[in-house]
1. Being touching a residue at least 12 places away in the same chain (Cβ under 8 Å), surrounded by fewer than 19 Cβ atoms within 10 Å (Cβ to Cβ) and among the charged types (D, E, K, R) is the filter here, so list the residues in the range 219-245 that pass it.
2. If we keep just the residues of the range 192-242 that are basic (Lys, Arg) and away from the ligand (no atom under 14 Å from the Cβ), which is nearest to the chain's Cα centre (by Cα)?
3. Residues in the range 374-394 that are touching a residue at least 60 places away in the same chain (Cβ under 8 Å) and crowded, with 16+ Cβ neighbours inside 10 Å: how many?
4. His267 is checked against (1) out of contact with any Ser or Thr (no Cβ under 6 Å at 6 or more places or on another chain); (2) within 16 Å of the ligand (Cβ to nearest atom); (3) closer than 24 Å to Ala313 by Cα; (4) not in a loop (DSSP other than H, G, I, E, B) and fails just one. What number does that condition carry?
5. Mind telling me which of the residues Thr74, Thr83 ends up being modelled with pLDDT of 95 or more and more than 16 Å from the ligand (Cβ to nearest atom)?
6. Output the number of the condition that Val90 fails; it satisfies all remaining conditions of (1) at pLDDT below 95; (2) in a helix (DSSP H, G or I); (3) under 30 Å from Leu155 (Cβ atoms).
7. Take Ala176 and tell me if it is in a helix (DSSP H, G or I), of a type in the set (Gly, Ala, Ser) and under 15 Å from Leu98 (Cβ atoms).
Amino acid sequence: MSKRDGIGAGTRLVTAGRRAEWTQGIVNPPVWRASTILYDSIADMRATGGDTHHRLYYGRRGTPTQWALADALTELEPGAEGTFLYCSGVAAIAAALLSVLSPGDELLLVDSAYEPTRAMARGLLARFGITTRFYDPLVGAGIAGLIGDRTRAILMESPGSLTFEVQDVPAIVAAAKARGVTTLIDNTWATPLFFPAIAAGVDLSILACTKYVVGHSDVMMGSVTAGPGHFAKLRQTSFELGQVAAPDDCWLGSRGLRTMGVRLRHHEQSALEIARWLDARDEVGAVLHPALPSCPGHENFVRDFKGSSGLFAFVLNNADEASRAAFIDALDLFGIGYSWGGFESLATPADPHRALGERDWGGAIVRFQIGLEDTADLIADIDQALAAFRDARG
Ligand SMILES: *Cc1c(COP(=O)(O)O)cnc(C)c1O
């Protein structure tokens, strides 16, 4: 029992990973750049043995800069065993899957998964003899009926990319545990602050740190946090893949992490206000925001999540490609660009493709990342862009 057991997530964000021997008294853990590590003698060189965890050995095994961020992310997931960092979110997904799957295995992948994850299943995994079966994001306990003899892993993403369905993670985890299947989740949208995935029984929790951890749209990074019994394999696989996140990037990641809690609360409130405002507009059909009752799986959100973040989507009624483009182009305060989780608002066209069947949304979908601007300014901007949309739609 330490004095810090039971502290809140905000406090943890400030204190996590800042070991005195790594920071040397500097508040934000400094940048330790290294390839070669020098030893005093051959005996000293041999002394690490096989175990290089938190020991300077060779640059690829990390320095205190990487260890401080990895440890901080572990501390944010109650019950977690350890975290490995990667050069992008997609690299983190690849390493997590390869730490679990072997040729001949089957992966169950949610049909609302991030497109590059689907591409990895079709490409890399298929090439190595791993098959993928897509499942409906609202399958819940019904996942048990999809688990076969070759099923080795289930990769969830909740809410789903572009369409924001919230999955019944506890039901899926229970079914997987009963059959000895490993569970993974892409937890980028909620972060461990709004959904502590390891505490919910998930084995491997993946973040595109590029988004909310970094928070300033200037670094690519990913992480995988492992639950009990899963870290050694993850670390070994990541070493075998030659994975290492750059110390300078990790330093920026640590810096971003300290403010993630206050940023998320602002993203949450502003995005909710804008989602509700859009919901009341005639030009707008379904608003796909997990905290709104109309979002598929909303009851799972209410039961399992501690908050909502700044990313959601909505349907522009009867919009085609041209009128949707007219709306997005007319926005002044929203950037047009991929990614999200930074301090700036973004708008992108969203065109989900689903293996289990396409759906007619009654219009075209726009995805918003709501940044840290004043909400009233963003609403005024959207209001004038909706006028441009009405003109374009005719
Ligand atoms: C952006 C994103 C990723 C990939 O992260 P990168 O750092 O861009 O590789 C993975 N999952 C989700 C849900 C994302 O939004």
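1. Hit for the range 219-245 is Lys233, nothing else.
2. The extreme case among them is Arg235.
3. 8
4. All conditions are met except number (1).
5. Working: Thr83 fails: more than 16 Å from the ligand (Cβ to nearest atom).
None of the others qualify; the one that does is Thr74.
6. (1)
7. Details: in a helix (DSSP H, G or I): yes; of a type in the set (Gly, Ala, Ser): yes; under 15 Å from Leu98 (Cβ atoms): no.
When the stated conditions are applied, Ala176 does not pass them.
Quick grid of which residues meet (1) in contact with a Gly (Cβ under 6 Å, 6 or more places away or on another chain); (2) more than 16 Å from the ligand (Cβ to nearest atom); (3) under 19 Å from Phe164 (Cβ atoms); (4) at pLDDT below 95:
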{"site": "Ser308", "(1), (2), (3), (4)": "no, no, yes, no"}
{"site": "Leu311", "(1), (2), (3), (4)": "no, no, yes, no"}
{"site": "Val315", "(1), (2), (3), (4)": "yes, yes, yes, no"}
{"site": "Glu321", "(1), (2), (3), (4)": "no, yes, no, no"}
{"site": "Ala325", "(1), (2), (3), (4)": "no, yes, no, no"}
{"site": "Leu333", "(1), (2), (3), (4)": "no, yes, no, no"}
{"site": "Ala347", "(1), (2), (3), (4)": "no, no, yes, no"}
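The values are calculated or read from the model by the stated rules, or taken from the named source; none is laboratory data. Since we're looking at a predicted model, the values are computed, not measured. As a convention, Cβ positions derive from the backbone with ideal geometry for all residues, glycine included, and neighbour counts pool all protein chains shown.
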